[in-house]
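Written below as structure tokens is the structure these notes are about.
The values are calculated or read from the model by the stated rules, or taken from the named source; none is laboratory data. Given the structure is predicted, the values throughout are model-derived calculations rather than measurements. Quick reminder, even Gly has a Cβ in these numbers, built from the backbone with ideal geometry, and neighbours come from all protein chains shown.
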Amino acid sequence: MAQDFYPYHPLKLRAALTLGALGALTLGAWALATAVRSGTGLEYARAGICLGLLASMLYVHLKLRPRPGWGVKVEPTRLSVSRPIEGQIEIPWSAVTQVKRNGTKKDTLVVFVGEEKRVLVPRHLFATASEFEKVASAIEEKMQPPTLPPASA
């Protein structure tokens, strides 16, 4: 039996966000200490920007945490894709017009829905490249037209 649920677990992305948040915290603390010493409005603005950047990185880090039911689910009648910020969307297979890989390393799966909409499934949301390949092959296999047995004469 083939796997039908592929959970997101963006390890590298969350690690990069953690490092960025630590950098923003360091710069924010430094700018705040300088602002208190000098009393310059520009230093307070710099501290506010750094702390705002820290807050946004922590928000995205929180949104990208692994949680139950968060990922891609390939079902017989539909494809369910969890979005990091917007939530989960369900796409019936009849609405999917095309599936392509994009990017220089072919690391983003693009699911075209109807005429104008597209849903991206990027590789960076999965823990390993092999997990992404499993998802991509499951979706691409589902899009293959069914083959009919040869007609007997």
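Matching residues to (1) surrounded by 14 or more Cβ atoms within 10 Å (Cβ to Cβ); (2) assigned to a helix (DSSP H, G or I); (3) at pLDDT 90 or above:
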{"residue": "A2", "(1), (2), (3)": "no, no, no"}
{"residue": "T18", "(1), (2), (3)": "no, yes, yes"}
{"residue": "A29", "(1), (2), (3)": "yes, yes, yes"}
{"residue": "L42", "(1), (2), (3)": "no, yes, yes"}
{"residue": "R46", "(1), (2), (3)": "yes, yes, yes"}
- Query: Hey, does region 101-110 have a residue that's out of contact with any helix residue (DSSP H, G or I) (no Cβ under 6 Å at 6 or more places or on another chain), in contact (Cβ under 8 Å) with a residue 40 or more places away in the chain, closer than 22 Å to R14 by Cα and surrounded by 13 or more Cβ atoms within 10 Å (Cβ to Cβ)?
  - Reply: no
- Query: Which residue, of L17, L62, L27, L58, is over 19 Å from the mean Cα position of the chain (by Cα) and not acidic (D, E)?
  - Reply: L27
- Pull up region 134-153, narrow it to residues that are over 16 Å from F5 (Cβ atoms) and surrounded by 11 or more Cβ atoms within 10 Å (Cβ to Cβ), then point me to the one that is modelled with the lowest pLDDT. M143
- E115: of a type in the set (D, E) and crowded, with 17+ Cβ neighbours inside 10 Å, yes or no? no
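What are the residues in region 78-97 that are without any contact (Cβ under 8 Å) to a residue 40 or more places away in the chain and of a type outside the set (G, A, S), if any?
Those that are without any contact (Cβ under 8 Å) to a residue 40 or more places away in the chain and of a type outside the set (G, A, S): R78, R83, I85, E86, Q88, I89, E90, I91, P92, T97.
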